[in-house]
There are 2 protein chains.
Amino acid sequence: MIVNITLPDNTSYDITIDTLKNMTFDRKVVVVTNPTISALHLDYLTSKIDAKELSVVTIPDGEEYKRMNTIETILEHCFEHKLNRSSLLIAFGGGVIGDMTGFAASIYQRGIDFIQIPTTLLSQVDASVGGKTGINNKYGKNLIGAFYQPIAVNIDPHFLTTLPKREFGAGIAEIVKMAVTFNSDFFKWLEENDLNDEENIKVAIAKSVETKAWVVSQDEKERGLRAALNYGHTFGHVIENETNYDTYLHGEAVGIGMTMANALAVKIGYMTQEDSNRVTALLEKYDIPTTYNIKDVEDFYEHFFLDKKSLDNKIKFIVPKGIGDCEITANISKEDVIEVLKGFNS
Amino acid sequence: MIVNITLPDNTSYDITIDTLKNMTFDRKVVVVTNPTISALHLDYLTSKIDAKELSVVTIPDGEEYKRMNTIETILEHCFEHKLNRSSLLIAFGGGVIGDMTGFAASIYQRGIDFIQIPTTLLSQVDASVGGKTGINNKYGKNLIGAFYQPIAVNIDPHFLTTLPKREFGAGIAEIVKMAVTFNSDFFKWLEENDLNDEENIKVAIAKSVETKAWVVSQDEKERGLRAALNYGHTFGHVIENETNYDTYLHGEAVGIGMTMANALAVKIGYMTQEDSNRVTALLEKYDIPTTYNIKDVEDFYEHFFLDKKSLDNKIKFIVPKGIGDCEITANISKEDVIEVLKGFNS
């Protein structure tokens, strides 16, 4: 399956969802990966690559290494290997690897090509589309980076066979997100099909990628519509923050966040309780958490304002309108939000 | 005078060559400058700006501070002042300030707006057009950066009144460069008019900016034509390097480099000796150096290969074809180049 992405400036690239093909490059190639993926799949990847010169830079695994130091490690490797403006980086790993490789590619000699080969379900459906690259710093997540597009994305379901079950669920959460906000037919299909089946997961990835691609093509720089992709994230970020990023995977926090956003939608009459229950049921089918115990409702509310997207002191909520549509709104009363938060004390 | 720049992706901005107008911004603004410019002109600038919040970050003066540390100082200031995606940076200084402010703007929250207010003649005619931003590292100059365009460039000749005479000449060298490579009428005009006159220098800036804008609009990412802007630079970079960057200003080294490129053009029959002499005469009118003593011709030649643009082991020379046209070629024999270099032992 191939999904073609065309950007507003008319550049374009393909997302291929299939077993990796052999790749031949008449230029220097650097693969950026981490020790986990390297141990499991690097031989498989390199057996598919024929390049003028191939080298690998392995960076530490984990969100805490997503910072400028690590970018400098990648760049250093590129300089040592005398990469020029025609050279190529390949991001081989999850979202952290993709974000950092893309950022490094964007600033090496003012920008060189890079290819995404995402290995987690989350990065396959989400991080490999949209051109968001970046790193964290002490002020927050993804605060330094660039919008920079890969020249190709290759999604090979083979890598999912070694993915821990919880990480698989975290990826499913993002798939459900795309369906709830933009595509009711896709949501019905998800209710009826088992994503543990390899053919089904390929279809689901393709559908998610297509949907996200459509959204991004409308709004590359996140001025409007694209904000809808943050459905579940406004709440999810607070949950991740409250739990020091060590309790839930990002996708799991988004799962809970979607359940909260749905409760808000029901509260203000945008969604029926029945539709909200359907979303919860679908998430729970893949063991994605949908409950959370908010200890201090006021404190949780204040946390919204620490998010970079709220620097102007307004919180934008992405609220589903039934299933398959949504609205981005800054006009929800604090009272309504507090009331909904009070419902989360399981 | 206003020169409009339209980029291949159809974004567009104006370069205004005139006394600074009052500017009103309904957003946070950070001015990036250095102590020299700050002491001379910051009050003048801030008297023209009305912003939601205005702050100034002063970074050390000089090419040796054009590095990642300084970028982090700028970003730190932006985070401390809680700039958001709608905020604005203003680069207020020469090329170093412009390159770094542009790079910082390109990576702060994945890109915020910036305006160039260049204060040296060199940056007015050259660095403020083309979207090249970046920093140096131990491997070389401008090796990390981004192509990132300002939303506006304001060129106020007022700042030239405090510019040291040598720096003025270094700027003229870049003006001459544009004329020799692309515009014979402009070259004749330069021969006939004194650029120490304020109205004349405005015309010369506008003409240079227009020419460079045309070149860049054809080739934003420097794949072809834009390389012609490196006329004089292939030689100039070696001169700068041999003299540890402490003998000649960049524009001065380019002045000598153009004289060398002209000698090469005469050697291979692209230019008459008479035209070559006209260029030399124009440069010398503004006390721009045109002679240089090469001690070791072979060593000078080897230095070409250390330039990042030659990582593939081919040197591209930009050779003028008469006055007003040029050719980019990698097909000049080492013998011819050596022969020309031998002529420089004044």
Here the qualifying pairs (Cβ atoms under 7 Å; residues six or more apart or on different chains; first in region B:52-79 and modelled with pLDDT under 95; second open to solvent by 60 Å² or more (accessible area, probe 1.4 Å) and of a type outside the set (D, E, K, R)) come out as B:Asp61/B:Pro35; B:Asp61/B:Thr36; B:Glu63/B:Tyr245
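Is there a residue in region A:126-145 that is of a type in the set (Val, Ile, Thr), crowded, with 23+ Cβ neighbours inside 10 Å and out of contact with any helix residue (DSSP H, G or I) (no Cβ under 6 Å at 6 or more places or on another chain)?
No, because not a single residue in region A:126-145 is of a type in the set (Val, Ile, Thr), crowded, with 23+ Cβ neighbours inside 10 Å and out of contact with any helix residue (DSSP H, G or I) (no Cβ under 6 Å at 6 or more places or on another chain).
Just checking, which of A:Thr16, A:Thr24 is closer than 21 Å to A:Leu163 by Cα and open to solvent by 30 Å² or more (accessible area, probe 1.4 Å)? Talk me through it step by step, then tell me what you get.
Numbers: A:Thr24 fails: closer than 21 Å to A:Leu163 by Cα.
Going through A:Thr16, A:Thr24 in turn, just one is closer than 21 Å to A:Leu163 by Cα and open to solvent by 30 Å² or more (accessible area, probe 1.4 Å): A:Thr16.
Can you confirm whether region B:97-114 contains a residue that is under 30 Å from B:Glu327 (Cβ atoms) and not aliphatic (A, V, I, L, M)? Quick ask: steps written out before the conclusion?
Of the residues in region B:97-114, the ones under 30 Å from B:Glu327 (Cβ atoms) are B:98-99.
After this cut, where a residue has to be not aliphatic (A, V, I, L, M) as well, the list is B:98-99.
Yes; the residues of region B:97-114 include at least one that is under 30 Å from B:Glu327 (Cβ atoms) and not aliphatic (A, V, I, L, M).
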Q: Please work out if B:Glu252 is among the acidic types (Asp, Glu), farther than 12 Å from B:Glu174 by Cα and in the same structural domain as B:Phe187 (by TED's automatic domain parsing).
A: no
Of A:Leu264, A:Leu306, the only residue that is farther than 28 Å from A:Ile201 by Cα, open to solvent by less than 20 Å² (accessible area, probe 1.4 Å), of a type in the set (A, V, I, L, M, F, W, C) and touching a residue at least 40 places away in the same chain (Cβ under 8 Å) is A:Leu264
The one condition B:Asn4 fails out of (1) at pLDDT 95 or above; (2) open to solvent by 70 Å² or more (accessible area, probe 1.4 Å) is (1)
When every residue in region A:109-125 that is open to solvent by less than 20 Å² (accessible area, probe 1.4 Å) and under 11 Å from the mean Cα position of the chain (by Cα) is compared, the one farthest from the other protein chains (Cβ to nearest Cβ) is A:Leu121
Of the residues in region B:85-98, those that are in contact with a strand residue (DSSP E or B) (Cβ under 6 Å, 6 or more places away or on another chain) and surrounded by fewer than 24 Cβ atoms within 10 Å (Cβ to Cβ) come to B:Ser86, B:Leu88
Note on region A:30-69: residues under 21 Å from A:His81 (Cα atoms), small (Gly, Ala, Ser) and open to solvent by less than 40 Å² (accessible area, probe 1.4 Å) are A:Ser38, A:Ala51, A:Ser55
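Condition check ((1) out of contact with any Ser or Thr (no Cβ under 6 Å at 6 or more places or on another chain); (2) away from chain B (no Cβ under 14 Å); (3) of a type in the set (D, E, K, R)) across all residues:
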site	(1), (2), (3)
A:Tyr270	yes, yes, no
A:Lys285	yes, yes, yes
A:Thr290	no, yes, no
A:Asp296	yes, yes, yes
A:Lys321	yes, yes, yes
A:Glu335	yes, yes, yes
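For every residue, the table says whether it meets (1) in a helix (DSSP H, G or I); (2) more than 24 Å from A:Thr19 (Cβ to Cβ).
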{"position": "A:Thr36", "(1), (2)": "yes, no"}
{"position": "A:His41", "(1), (2)": "yes, no"}
{"position": "A:Tyr44", "(1), (2)": "yes, no"}
{"position": "A:Lys52", "(1), (2)": "no, yes"}
{"position": "A:Val56", "(1), (2)": "no, no"}
{"position": "A:Leu83", "(1), (2)": "no, yes"}
Residues of region A:75-103 being among the hydrophobic types (A, V, I, L, M, F, W, C), away from chain B (no Cβ under 11 Å) and either within 22 Å of the chain's Cα centre (by Cα) or under 18 Å from A:Lys141 (Cβ atoms) (or both), in sequence order, are A:Leu89, A:Ile90, A:Ala91, A:Phe92, A:Val96, A:Ile97, A:Met100
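For region A:189-201, name all the residues that are in a helix (DSSP H, G or I) and surrounded by 18 or more Cβ atoms within 10 Å (Cβ to Cβ).
Our first condition is that a residue be in a helix (DSSP H, G or I); within region A:189-201, this holds for A:189-192, A:198-201.
Passing the criteria: A:Leu190, A:Ile201.
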Only unsatisfied item for A:Thr70, checking (1) among the polar types (S, T, N, Q); (2) touching a Pro at 6+ places or on another chain (Cβ under 8 Å); (3) more than 14 Å from chain B (Cβ to nearest Cβ), is (3)
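Could you please let me know if A:Ser106 is more than 9 Å from chain B (Cβ to nearest Cβ) and open to solvent by less than 10 Å² (accessible area, probe 1.4 Å)? If you could, list the steps in order and put the result at the bottom.
Working: more than 9 Å from chain B (Cβ to nearest Cβ): no; open to solvent by less than 10 Å² (accessible area, probe 1.4 Å): yes.
Judged against the criteria, A:Ser106 is not a match.
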Quick count over region A:265-309, residues being in a helix (DSSP H, G or I), in contact with a helix residue (DSSP H, G or I) (Cβ under 8 Å, 6 or more places away or on another chain) and within 30 Å of B:Leu83 (Cβ to Cβ), is 7
Of the residues in region B:151-187, those that are open to solvent by 10 Å² or more (accessible area, probe 1.4 Å), assigned to a loop (DSSP other than H, G, I, E, B) and more than 14 Å from chain A (Cβ to nearest Cβ) number 3
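The values are calculated or read from the model by the stated rules, or taken from the named source; none is laboratory data. Computed from a predicted model, the values in this text were never measured in an experiment. When we count neighbours, we look across all protein chains shown, and the Cβ atoms used for this are built from the backbone with ideal geometry, even at glycine. When the accessible area is computed, the model is the full protein with side chains, heavy atoms only, and any ligands, DNA or RNA have been set aside. Shrake-Rupley method; radii C 1.70, N 1.55, O 1.52, S 1.80 Å.
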